[in-house]
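K.L.:
Shown below is the structure under consideration.
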Amino acid sequence: MRFFALVTRIIQQMIRDKRTMALLFLAPLLVLSLMYFIFNSDEVDTTLGVVNVNEKIVKTIEKSDIKVKTYDELTNKMAIDDKLDGWLKVEDGKLSLTLQNDQPSRAKALQLKLKQALSGQPQQSTPISIDYVYGGKDTVLFDVISPILVSFFVFFFVFLIAGIALLKERTTGTLERLLSTPIRRYEVVLGYLMGYGIFAIIQTLIVVFYAVNVLDVVLIGSIWNVLLINLCLALVALSLGILLSSFATSEFQMVQFIPLVIIPQVFFTGLFPMDGMADWLVNIGRIMPLYYASDAITGVMYKGYGFSDIGIDLTVLLGFALVFIVLNIFSLKKYRAL
């Protein structure tokens, strides 16, 4: 029957395509394994710093599953460096709580535990005054993850569109005809980067300004730093998309790179808590561009970081872009030796 002939042809075609078979069966296992290790990470206890607090109160707090660190003197910078979720001080005989609030869910959990621990204590005749380093009492989880989503969409769409666009150049023979001219390989790569880069810049501007001005995404720092981070990330996505397109023979195969290249990076952007992850798992995240882009953009948009605070992240992103550009030049060798 013709029906079975069609089924046989599809099966044979799939079996011959080793890359598609590998992505079909191995990519889900890779992503599922990452999810297993991430969601089975150890839960990290909330950590509270205390200054001039009665020892009896400290022991009461410790009984509420709060890790307590005692200090003689504590500044906001010291507390952030020591990764405290909050710190409690006695000022003019009253308790004062400062919450770092970089993760609103942890800050609210600490506040609730502390309130329950101190209920019934003599010092609780008046409410505890509460201050926030980042955000405020109305801060929600989306305020923290929205900057990450901005960078993710810039990276994802630039990667996909650039990769498919160059793939079409190859499949239609345009790239081969171009390489038959005296143009050098690095000029081809730079030309494609600049050509597609113009549209990547426009897309980045649209996404950032829409998120900030229309969706009212939180922005504490400079919008120019936000644009700079996303432009660096767009350059990485552009160069990576062009590089991987040289290993694909169709748009379908280009899309198949998403489970291997895009999805694993999402787990290390800060959308999922990384505090309890094993060191080897965190180290995997450090070889992914979105890890550094998310750290920088969250710092600028939510924490108000300046250019000097995100310098390392920007340097790493540019380093990724440079590596991918060099690899792109070498990848053209299979089309022309010069």
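The values are calculated or read from the model by the stated rules, or taken from the named source; none is laboratory data. Fair warning: this is a prediction, and the values are worked out from it, not measured in the lab. Glycine also receives a Cβ, built like all others from the backbone with ideal geometry; neighbour counts cover every protein chain displayed. Remember, those area values only see protein heavy atoms, side chains included, never the ligands or the DNA or RNA. Shrake-Rupley method; radii C 1.70, N 1.55, O 1.52, S 1.80 Å.
K.L.:
I'd like to know if the range 139-162 contains one or more residues that are of a type in the set (Phe, Trp, Tyr) and surrounded by fewer than 13 Cβ atoms within 10 Å (Cβ to Cβ). Lay out the reasoning, then the answer.
P.N.:
Initially, the range 139-162 is screened for residues of a type in the set (Phe, Trp, Tyr), giving 142, 152-153, 155-157, 159.
With the extra rule that they be surrounded by fewer than 13 Cβ atoms within 10 Å (Cβ to Cβ), the set shrinks to 142.
Checking the range 139-162: at least one residue is of a type in the set (Phe, Trp, Tyr) and surrounded by fewer than 13 Cβ atoms within 10 Å (Cβ to Cβ).
K.L.:
Condition first: out of contact with any strand residue (DSSP E or B) (no Cβ under 8 Å at 6 or more places or on another chain), in a helix (DSSP H, G or I) and surrounded by 15 or more Cβ atoms within 10 Å (Cβ to Cβ). Can you find one or more residues in the range 11-26 that meet it? Walk me through how you get there before you give the answer.
P.N.:
Initial filter on the range 11-26 (out of contact with any strand residue (DSSP E or B) (no Cβ under 8 Å at 6 or more places or on another chain)): 11-26.
Filter once more, so that each one left must be in a helix (DSSP H, G or I): 11-16, 18-26.
Subsequent filtering for residues that are surrounded by 15 or more Cβ atoms within 10 Å (Cβ to Cβ) retains 20, 23.
Taking every residue of the range 11-26 in turn, at least one turns out to be out of contact with any strand residue (DSSP E or B) (no Cβ under 8 Å at 6 or more places or on another chain), in a helix (DSSP H, G or I) and surrounded by 15 or more Cβ atoms within 10 Å (Cβ to Cβ).
K.L.:
Right, something else. What's the number of the condition residue 304 fails, among (1) farther than 27 Å from residue 242 by Cβ; (2) at pLDDT 90 or above; (3) among the small types (Gly, Ala, Ser)?
P.N.:
So the condition that residue 304 fails would be (2).
K.L.:
Conditions first: (1) free of Cβ contacts under 8 Å to residues at least 60 places away in the same chain; (2) in contact with an Asp or Glu (Cβ under 8 Å, 6 or more places away or on another chain). Residue 170 passes all but one, so which condition is the exception?
P.N.:
(1)
K.L.:
If we keep just the residues of the range 60-72 that are part of a helix (DSSP H, G or I) and in contact with a strand residue (DSSP E or B) (Cβ under 9 Å, 6 or more places away or on another chain), which is most open to solvent (accessible area, probe 1.4 Å)?
P.N.:
Initial filter on the range 60-72 (part of a helix (DSSP H, G or I)): 60-62.
Now restrict to residues that are in contact with a strand residue (DSSP E or B) (Cβ under 9 Å, 6 or more places away or on another chain): 61-62.
On the way: 61: 0, 62: 95 Å².
Looking at the filtered set, the residue picked out is 62.
K.L.:
If you don't mind, another one. Would you check which residues across the range 259-279 are open to solvent by less than 20 Å² (accessible area, probe 1.4 Å), assigned to a loop (DSSP other than H, G, I, E, B) and more than 19 Å from residue 106 (Cβ to Cβ) and list them?
P.N.:
Residue satisfying the conditions is 262 alone.
K.L.:
Continuing with this model, one more query. Does any residue in the range 280-295 that is open to solvent by 80 Å² or more (accessible area, probe 1.4 Å) come within less than 6 Å, Cβ to Cβ, of a residue that is at pLDDT 90 or above and part of a helix (DSSP H, G or I) six or more places away or on a different chain, and which pairs are these?
P.N.:
295/313
K.L.:
Quick check on residue 114: is it in a helix (DSSP H, G or I), touching a helix residue (DSSP H, G or I) at 6+ places or on another chain (Cβ under 7 Å), in contact (Cβ under 8 Å) with a residue 12 or more places away in the chain and surrounded by 11 or more Cβ atoms within 10 Å (Cβ to Cβ)?
P.N.:
Details: in a helix (DSSP H, G or I): yes; touching a helix residue (DSSP H, G or I) at 6+ places or on another chain (Cβ under 7 Å): yes; in contact (Cβ under 8 Å) with a residue 12 or more places away in the chain: yes; surrounded by 11 or more Cβ atoms within 10 Å (Cβ to Cβ): yes.
When the stated conditions are applied, residue 114 passes them.
K.L.:
If I ask for residues that are buried (at least 21 other Cβ atoms within 10 Å of the Cβ) and either under 24 Å from the mean Cα position of the chain (by Cα) or assigned to a helix (DSSP H, G or I) (or both), which ones from the range 80-101 would you list?
P.N.:
84, 85, 99, 100, 101
K.L.:
Give the number of residues within the range 174-206 that are open to solvent by 40 Å² or more (accessible area, probe 1.4 Å), of a type outside the set (Val, Ile, Thr) and under 23 Å from the mean Cα position of the chain (by Cα).
P.N.:
Qualifying residue count, the range 174-206: 3.
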